[in-house]
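So the structure is just underneath, and the comments pick up after that.
Where a number appears in this text, it was derived from the coordinates with a stated rule and is not lab data. Since the model is a prediction, treat every value here as computed from it, not as a measurement. Cβ placement follows ideal geometry from the backbone for every residue including glycine, while neighbour counts extend to all protein chains displayed.
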Amino acid sequence: MSFFTNTSGNKPISEPANFIFFKIYFNISRNKVVYMEQMVKSLEKFEKDLKWFSEKYDELKSKYKGKFVLIRDSRVAVSGSNMDEIKQKAEKESIDLSKSVVEFIPSVETTIII
């Protein structure tokens, strides 16, 4: 087994350098995998909520015309007249705004012709 010097230069390290590298690499890789799994789950939830909003749009527009709605777990969790109101209500209910679908339902239908 070879000895290596630590960063201060005065005390030998008994672990081989490749083993130290492996431990560091493994911890970083494991954390990346866990992070990626969490990100995928968040994106799947977001996609599910967005699909729910799209499917329920006709029902929602009669109740929430001219309002913003925050969709969470396939339901309207928060509604409000502006984004500040949505933000305040979301914080009050401990809802992470960055992981939620927020949409505006116009009071007047608009058709854009290009």
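What number of residues in segment 38-78 are surrounded by 17 or more Cβ atoms within 10 Å (Cβ to Cβ) and either within 16 Å of the chain's Cα centre (by Cα) or of a type outside the set (A, V, I, L, M) (or both)?
So the count comes out to 9.
Restricting the search to segment 96-114, which residues are within 24 Å of residue 45 (Cα to Cα), among the aliphatic types (A, V, I, L, M) and surrounded by fewer than 17 Cβ atoms within 10 Å (Cβ to Cβ)?
Matches in segment 96-114: 97 only.
Which condition number in (1) buried (at least 17 other Cβ atoms within 10 Å of the Cβ); (2) over 18 Å from the mean Cα position of the chain (by Cα) is the one that residue 90 fails?
Residue 90 satisfies all of (1) buried (at least 17 other Cβ atoms within 10 Å of the Cβ); (2) over 18 Å from the mean Cα position of the chain (by Cα) except (2).
Of a type in the set (S, T, N, Q) and closer than 23 Å to residue 47 by Cβ: does that describe residue 62?
For residue 62, the condition - of a type in the set (S, T, N, Q) and closer than 23 Å to residue 47 by Cβ - is not met.
May I ask you to list pairs of residues, at least six apart or on different chains, whose Cβ atoms are under 9 Å apart, with the first in segment 36-56 being within 17 Å of residue 95 (Cα to Cα) and the second being part of a helix (DSSP H, G or I) and basic (Lys, Arg)?
Cβ pairs passing all conditions: 42/99; 45/99; 46/99.
Which count do you get for residues in segment 34-90 that are of a type in the set (Ser, Thr, Tyr) and touching a Phe, Trp or Tyr at 6+ places or on another chain (Cβ under 6 Å)?
Matching residues across segment 34-90 total 2.
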